[in-house]
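Heads up: the structure comes next, in structure tokens.
The values are calculated or read from the model by the stated rules, or taken from the named source; none is laboratory data. Since the model is a prediction, treat every value here as computed from it, not as a measurement. No Cβ is skipped: glycine too gets one built from the backbone with ideal geometry, and neighbour counts run over all protein chains shown.
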Amino acid sequence: MDNKTIPLSVPNLSLDILENIKETIETGWVSTGGRFIQEFETKMARYVGVEKAIACQSGTAGLHLALRVLGVGNGDEVIVPTLTFIAAVNPVRYSGAEPVFMDCDSDLNMDMEKLEEFLENECHYIDGKVINKKSKKVIKAIIVVHVFGNPVNMEKLIEIKEKYNLMVIEDATEALGSYYLKGKYAGRHCGTIGDIGVYSFNANKILTTGGGGMVVSHNNELLDKVAFLSVQAKTDPLYFIHDEVGYNYRMTNIQAAFGTDQIDRLETFIETKINNYNLYKKVIADINGLSLLSFRNDTRANHWFYSVVVDKEKYGMDRDELLLMLNENKVQTRPLWGLIHKQKPYIENQAYRIEKAGFYEKNLINVPCSSNLTSNQVGIVLEKLNCNLNKVFS
């Protein structure tokens, strides 16, 4: 990408990290051992308010490990959103289970009313197990995604979880730094309320280690199992005894060296994202045919991605025309993900009353939102969105 292009979401890195990287090279600890892994785990646990956290190779690996330690396996089903990145769903298949797709609400998160309706009308609850009437399979768990950092209605979800004896995995890969301000979970971070939570540190995330992920839980036995499985399930590491099938899912020390620096700057990143979101919001409110999706006002969302909905009749061009125009003008934007229940690997899977997600798939774009995005760059994006504005910022 050339220097004149305003990117969608790129890492915010500092040369201060070089001392950490230098240490990994000088000591030789560049792989899956070394002090930075434990330091990063400790800092993450402290930041999100749990006793311990387990670093892993990616958010996807973390979700796979979560499903494994919760006992999801062959013949089971897991309820998932259709509106999310496909990496949230693929681990269900890795586990030998099948996904059942749910619609989104106006926050882009899983629709809790439809979820409850599905469990009540389309399932039997027998001897503490949820049986899907259509497939006759046991539904073991729900994976919810805090889409674009906007927190899910966890109060309602936990009510449903307890009513139907289901396990909840929080995909908080986009929501590090998002937490609740009101209600039962006031002060609790996304990822720390369900049975297990998973974070991602991919290059476009609010905090990056180049790759990598983190698994958290208030159940330390589950986390011990995650750690065990992530390093090839070594029952006796000295004599290479393995009583279970494990995975090469551990984070590297050189990745963690990035993370220990990045997490110290996380609140600054979030502050910038919120400020830039508010700049967008002020101007887009006056652009006929465009609307900027809001974040829940009973939460402190990390504002990871900004979503603009396009009304063709009022704006004069549709979402795809706007997408093409912006990218041609060196403003990197992207459409929403293709809905997963329509993707080839999952087209035969059950999808329950998918309605609202299709609207957002057709009409939503994401605009630049990096944590090092300047107000001048926001102004340039806004000028492209509204050609009638001569100058957004002085």
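Report, by residue number, each residue of the range 51-101 that is assigned to a strand (DSSP E or B) and within 23 Å of Y360 (Cα to Cα).
I79, V80, P81, P99, V100, F101
Just one of the numbered conditions (1) closer than 30 Å to N376 by Cβ; (2) more than 22 Å from the chain's Cα centre (by Cα); (3) surrounded by 18 or more Cβ atoms within 10 Å (Cβ to Cβ) is not true of S307; which one?
(2)
Is it the case, given these coordinates, that Y249 is in the same structural domain as L65 (by TED's automatic domain parsing), within 21 Å of G59 (Cβ to Cβ), crowded, with 17+ Cβ neighbours inside 10 Å and in contact with a Leu (Cβ under 6 Å, 6 or more places away or on another chain)?
In short, no.
Are any residues in the range 147-186 under 18 Å from S307 (Cα atoms) and of a type in the set (D, E, K, R), and if so, which ones?
Within the range 147-186, E174 is the sole residue that qualifies.
So which residues in the range 355-376 are hydrophobic (A, V, I, L, M, F, W, C) and part of a helix (DSSP H, G or I), if there are any at all? Even if it seems obvious, please write down each step before you answer.
The first filter runs over the range 355-376 and keeps only residues hydrophobic (A, V, I, L, M, F, W, C), leaving 357, 359, 364-365, 367, 369, 373.
If the condition is that a residue be hydrophobic (A, V, I, L, M, F, W, C) and part of a helix (DSSP H, G or I), then A357, F359 are the ones that fit.
Of all residues in the range 155-203, how many are under 21 Å from M44 (Cα atoms) and modelled with pLDDT of 95 or more?
32
For (1) surrounded by 14 or more Cβ atoms within 10 Å (Cβ to Cβ); (2) closer than 30 Å to S31 by Cβ; (3) not small (G, A, S), each residue gets a yes or a no:
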{"residue": "L223", "(1), (2), (3)": "yes, yes, yes"}
{"residue": "F228", "(1), (2), (3)": "yes, yes, yes"}
{"residue": "K234", "(1), (2), (3)": "yes, yes, yes"}
{"residue": "N278", "(1), (2), (3)": "no, no, yes"}
{"residue": "S291", "(1), (2), (3)": "yes, no, no"}
{"residue": "R296", "(1), (2), (3)": "yes, no, yes"}
{"residue": "Y315", "(1), (2), (3)": "yes, no, yes"}
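Name the residues in the range 105-131 that are buried (at least 19 other Cβ atoms within 10 Å of the Cβ) and under 12 Å from Y352 (Cβ atoms), would you?
Residues satisfying the conditions are M110, D111, L115, F118, L119, C123.
Pick from K136, K163, K156: which is outside any strand (DSSP E or B), free of Cβ contacts under 8 Å to residues at least 60 places away in the same chain and at positive phi? Please lay out each step first, then the result.
Numbers: K163 fails: at positive phi; K156 fails: at positive phi.
Criteria check complete, one pass: K136.
Say whether the condition of being part of a loop (DSSP other than H, G, I, E, B) and at negative phi is met by at least one residue in the range 265-286.
First, pick out the residues of the range 265-286 that are part of a loop (DSSP other than H, G, I, E, B): 285-286.
Restricting the remaining residues to those that are at negative phi gives 285-286.
Yes.
Does at least one position in the range 315-330 carry a residue that is under 21 Å from the mean Cα position of the chain (by Cα), under 27 Å from I86 (Cβ atoms) and touching a residue at least 40 places away in the same chain (Cβ under 8 Å)? Even if it seems obvious, please write down each step before you answer.
Of the range 315-330, the ones under 21 Å from the mean Cα position of the chain (by Cα) are none.
The answer is no, given that none of the residues of the range 315-330 is under 21 Å from the mean Cα position of the chain (by Cα), under 27 Å from I86 (Cβ atoms) and touching a residue at least 40 places away in the same chain (Cβ under 8 Å).
Could you check, for the range 114-131, whether at least one of its residues is closer than 26 Å to I365 by Cα and assigned to a strand (DSSP E or B)?
Among the residues of the range 114-131, not one is closer than 26 Å to I365 by Cα and assigned to a strand (DSSP E or B), which makes the answer no.
Tally time: how many residues in the range 204-237 are among the charged types (D, E, K, R), modelled with pLDDT under 95 and assigned to a loop (DSSP other than H, G, I, E, B)?
1
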